[in-house]
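My questions will all concern the structure given below.
Nothing in this text is a laboratory measurement; each read-out follows from the coordinates by a stated rule. The model shown is predicted, which means the values in this text are computed figures rather than measured ones. Neighbour counts are summed over all protein chains in view; Cβ atoms, including those assigned to glycine, are modelled from backbone coordinates with ideal geometry.
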Amino acid sequence: MQVSCQQTSNIQSKIIRELEEAPAFVNTHWSEFDTEVVRKYYGKKDTRVIARLLKRSTDAIYNKAQRMGLYENMPGVRDQKQSSAQVLQKLRSSNPGRTR
């Protein structure tokens, strides 16, 4: 299907109009309070609740926690990493000729 110049122009106009009407970029600066809430409650309380109260997405909370080094301190993550390392070690010892 071939798109005419008029159709392309209409699509571009629609995109520009939608961008002009879109809300402004939201400040994503993390205040000291926000950071302390993540430090104190991440891994102890539901991440969705923390995100809702701080008016952020759950991904933002996960990413902040990871940058703060909190992600790896969660019990499930630490245990999972340890068990994965143990499985890899067993596989390598049972197949000494394979490097991958």
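For ARG17, ARG52, what ranking results if the residue with the fewest other Cβ atoms within 10 Å of its Cβ goes first? Walk me through the numbers before you get to the answer.
Details: ARG17 10, ARG52 13.
Arranged by neighbour count, lowest to highest, ARG17, ARG52 become ARG17, ARG52.
Work through the residues other than SER13 whose Cβ is under 15 Å from its Cβ and net out their charges, Lys, Arg +1 and Asp, Glu -1. Show your work: numbers first, answer last.
Numbers: positive: LYS14, ARG17; negative: GLU18, GLU20, GLU21.
Net local charge, SER13 excluded: -1.
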